[in-house]
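The values are calculated or read from the model by the stated rules, or taken from the named source; none is laboratory data. Keep in mind the model is a prediction, meaning the values are calculated, not measured. Heads up, the Cβs are rebuilt from the backbone with ideal geometry, glycines too, and the neighbour counts pull from every protein chain shown.
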Amino acid sequence: MIYADNAATTKLDPDALEAAMPFLLDEYGNASQPYLFAKSAKEAIADARKTIAACIGAKPEEIYFTSGGTESDNWAIKGSAFSDKKKRTTITSEIEHHAILNACAAIERHGFPVTYLPVTDEGVVQPKKLETYITDRTRLVSIMMANNEIGTIEPIAELVKITHEHGALFHTDAVQAVGHIPIDVKKLGVDMLSASAHKFGGMKGSGFLYIRNGVSLSPFADGGSQEHGRRAGTENVAAIVAMAVALKKNCDRMEETTQKLRKLSRIFIEALTAVGIDYRLNGSSNHLPGNVNISIRGAEGEMLLHRMDLKGICISTGSACDSVNTRSSHVIEAIHVPEEYAEGTIRVTFGAENTEQEAVTIAESLIDILKK
Ligand code: PLP
């Protein structure tokens with residue numbers, strides 16, 4: 001089997017698993033309990049918070065553990081709207097993940113207006129467009145750091161500057177970016193940032209929301225006093241510990257991994273070009289390493305995915321969350337991929353474990369299917 005769908009999820013890092021194991025079998029105390037048996041769980045959570053904060057330039061108390069990207073996004077969007085009695089506007093983009101788009105649809109149903117910014121044909125949210133739509137009645141701007149389908153990295157620092165000039169807050173869904181590109185929340189100036197552990201070698205069902213000190217956001221879950229009383233619930237110690245180990249490892253070897261992933265992408269693309277496949281490469285040149293999203297003229301993405309599956313190769317059409325939906329994804333529509341190419345869109349996302357030979361095999365298998 002060749003796994004090349006690392007934007008959908010990644011394999012759990014073995015070091016992360018090893019670090020997590022004691023908290024499942026031996027030191028399983030509830031971190032909120034005062035006795036000694038719970039001390040190591042409490043300390044492990046504190047250490048993980050410090051490690052994760054250091055990886056993104058935050059302070060430990062600004063990291064709030066959640067159940068993953070979807071929860072973090074929902075918290076940022078709904079928590080922000082519901083803590084605003086004036087019902088001010090939220091601004092987002094047309095190409096966000098459904099965790100953001102559907103959370104926005106939910107606040108709209110409660111009477112909170114949402115503006116959806118269009119993007120360029122490379123999937124870039126232009127600061128000029130934000131400047132046109134932002135007003136003094138905007139409460140929150142939420143723009144993803146990197147798109148999960150086409151890999152475009154957004155101009156976050158510029159967007160933050162405009163947002164703050166208008167007195168609004170800025171949230172970024174950085175689920176595809178954390179652990180894959182350098183991030184410093186203080187330099188970027190973001191007020192909130194969502195991350196998900198299973199996108200960088202951690203466990204599924206764990207993640208975090210960075211909330212800058214001083215940001216007013218209603219709690220996600222009411223209950224116990226965990227996460228400063230803003231996200232109640234007994235902590236998933238093992239997953240939190242695993243997330244910190246995986247993130248630190250990714251950050252420590254980011255430069256090396258980036259070079260490798262860019263090379264794998266090049267090998268794959270060049271193989272298609274060499275035999276004259278008529279395709280368009282989607283996304284901007286400022287791009288997530290390892291993400292290759294192409295639209296092949298006259299092809300059918302769903303058919304390609306299933307034929308590749310029969311050859312033991314996992315890739316994606318559009319985004320994994322859309323895999324039951326046969327029409328073009330909202331992202332492919334938003335970047336205006338011409339009709340004759342749009343349906344033939346596939347996404348290959350390489351990970352650090354993929355080899356050059358695998359990149360060649362994926363390309364050869366795809367070419368073989370297309371020729372047939
Ligand atoms: N945001 C983006 C950009 C994503 O790619 C994903 C997952 O694919 C999510 C949010 C949801 O994250 P999770 O799977 O942790 O709920």
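Of the residues THR273, THR257, which is free of Cβ contacts under 8 Å to residues at least 40 places away in the same chain and either in contact with a Ser or Thr (Cβ under 8 Å, 6 or more places away or on another chain) or of a type in the set (Val, Ile, Thr) (or both)?
THR273
Regarding LEU272, is this residue among the aliphatic types (A, V, I, L, M), within 16 Å of the ligand (Cβ to nearest atom) and outside the structural domain of PRO155 (by TED's automatic domain parsing)?
No: the conditions fail for LEU272.
Look at region 61-93 and say how many of its residues are over 17 Å from ASP191 (Cβ atoms) and more than 15 Å from the ligand (Cβ to nearest atom).
Residues meeting the conditions: 3.
Taking the criterion of being within 16 Å of the ligand (Cβ to nearest atom) and not hydrophobic (A, V, I, L, M, F, W, C), would at least one residue in region 213-228 satisfy it?
Looking through region 213-228, none of the residues is within 16 Å of the ligand (Cβ to nearest atom) and not hydrophobic (A, V, I, L, M, F, W, C).
Within the set of pairs 6+ apart or on separate chains, which have a first residue in region 289-300 that is at pLDDT 95 or above, a second that is of a type in the set (S, T, N, Q), and C-beta atoms under 6 Å apart?
The qualifying pairs are PRO289/THR258; GLY290/THR349; ASN291/THR349; VAL292/SER265; ASN293/ASN282; SER295/THR345.
I need the full set of residues from region 251-297 which are in a loop (DSSP other than H, G, I, E, B) and either closer than 17 Å to THR349 by Cα or of a type in the set (A, V, I, L, M, F, W, C) (or both), in order please.
Within region 251-297, VAL275, ILE277, ASN282, GLY283, SER284, SER285, ASN286, LEU288, PRO289, GLY290 qualify.
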